[in-house]
Amino acid sequence: MTPTASPRDASELAVLVPYQLGYHPGPSLVLAALHGRRLGMVQRLDLVDDPRACAALAEHSIAIMVRERAQGVVVLAFEDDEGGSRPVRAAVTSAALAAGLAVPDHVVVRDGRCWVPGCDDGCCPPQVRALPRPEEVPAVAPFVMAGVRPLASREELVATVVPPTDETRAEGVAQVIVSGEPVPVDDDELAALWSHVLDPRRSARPVGDLPDAELAVLGGSLLDVQWRDALMAVLAPGFFSLDDVPLEVGWLALDAAAECPWVDCWEGDDELPQAGDWSDELLVVRGRLVELARLLPQPLTPTVLVTVAHLAWWAGDGTITGICLERALEIDPEHRLADLMLRLLATGVRPWALPPAEGPQPGRDSIGRAS
């Protein structure tokens, strides 16, 4: 959910941050890029006290802000113990100022209150005030009205994003695979199976209703790199290109995602769809992919999780993206795409924000011209 209003000061931003992250950040430093009066990228850093670690964190995080063309940085320190954020907070603030970024707000949050440190000259005493209640913050009000509440920790969020495997169903799928007799499907039938999974409509049949044999086909199909890349190109256009896969695979992927409204509107040389225009439908499709992963034996889940991460990244949700990629690499440490995406995520690179490549752009007409 995207706030319809901006926080008016750092105390309101401190209340908003857990809603944007989806969980209370715990002891950490949170940086928000400033573009004039508009807030941009948000980063969360663990608290450390080793000087070298502080300097490395500061250099990395501020380099990302500079690449984002931020004009300033808001620094929010969430503490359990007084002074716990001071070493990394000082390092980040110094790095920001050295890079020419303004640091207009510098706040410590602890025990439901926020402290605005005094100036270095000692003429301005620290200010302390209670954090406003969520319903008093215009930028948080849409979350409150929708009944959305941040979880207590990142660990709780991980459990909701990547729920435990349904061992009974996964074992059934595994037995189908071991038997060596998967359901024979042609290309059209494969597209129809994926169309079922990627259907965001309320009337869509639950993914769990699919028989084990069809789940085995779905999971196994993603081991085909061309099919994986085509699906990802269609579901989150602008990163992968359909021009990099065979013509028939591209058309099949478009058929598989035909129920996704942002795919249906993507035609010809029109501008690529924006994730923010389809946030509700994207959440539904992500949830159905997560359910598919929950029903598969673990060796088949990493690429499904990478696809979920890809959709979340397109929508600007770095937290969910990171969780899914980390889980994929826990299962398969050699998963090259998950590793690449996680590296890009860690450096703050957003492929959809990069200038478009020269030549034909991915789209239905692009595929048509290839014929």
Relative contact order of the range 47-123, defined on C-alpha pairs under 8 angstrom at six or more residues apart (%): 34
Cα extents of the range 123-217 along the three principal axes, largest first (Å): 78, 27, 24
Ellipticity estimate at 222 nm from DSSP helix runs (n ≥ 4, -39,500 (n - 2.57)) divided over the chain, nearest 500: -14500 deg cm²/dmol
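Where nothing but the Cβ of Lys and Arg (+1) and of Asp and Glu (-1) is charged, how large is the charge dipole of the chain around its Cα centre, in debye to the nearest 20?
With Lys and Arg at +1 and Asp and Glu at -1, about 1480 debye.
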Listed residues MET41, HIS60, GLY26: farthest to the positive end of the dipole of the range 5-63 (Cβ charges): MET41
Mean Cα-pair separation over length for the range 139-294, i.e. relative contact order, pairs under 8 Å, 6 or more apart, %: 29
The chain, accessible area per residue, ligands and nucleic acids excluded (1.4 Å, Å²): 50
Carbon/sulfur fraction of accessible area - the range 245-336, other protein chains in place, 1.4 Å, %: 46
Relative contact order computed over the chain (Cα-Cα under 8 Å; 6+ residues apart), in percent: 15
Accessible surface of the range 1-59 [probe 1.4 Å, protein heavy atoms]: carbon and sulfur percent: 50
Residue among ALA293, ALA10, ALA191 farthest towards the positive dipole end of the chain, charges placed on Cβ: ALA10
Identified option (computed Rg and Dmax of the Cα atoms in Å; candidates (1) 31.9, 97; (2) 22.8, 79; (3) 24.6, 78): (2)
Solvent-accessible area, 1.4 Å probe, carbon plus sulfur percent, for the range 152-221: 53
Most to least packed among 319-326, 236-243 [average Cβ atoms within 10 Å]: 319-326, 236-243
Degrees, to the nearest 10: 10-21 long Cα axis against longest axis of the chain: 20
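The values are calculated or read from the model by the stated rules, or taken from the named source; none is laboratory data. Quantities reported herein were computed from a predicted structural model and do not represent experimental measurements. Backbone-built Cβ (ideal geometry, glycine too); neighbour counts: all protein chains shown. These area figures cover heavy atoms from the full protein model, side chains too; ligands, DNA and RNA do not enter into them. Shrake-Rupley method; radii C 1.70, N 1.55, O 1.52, S 1.80 Å.
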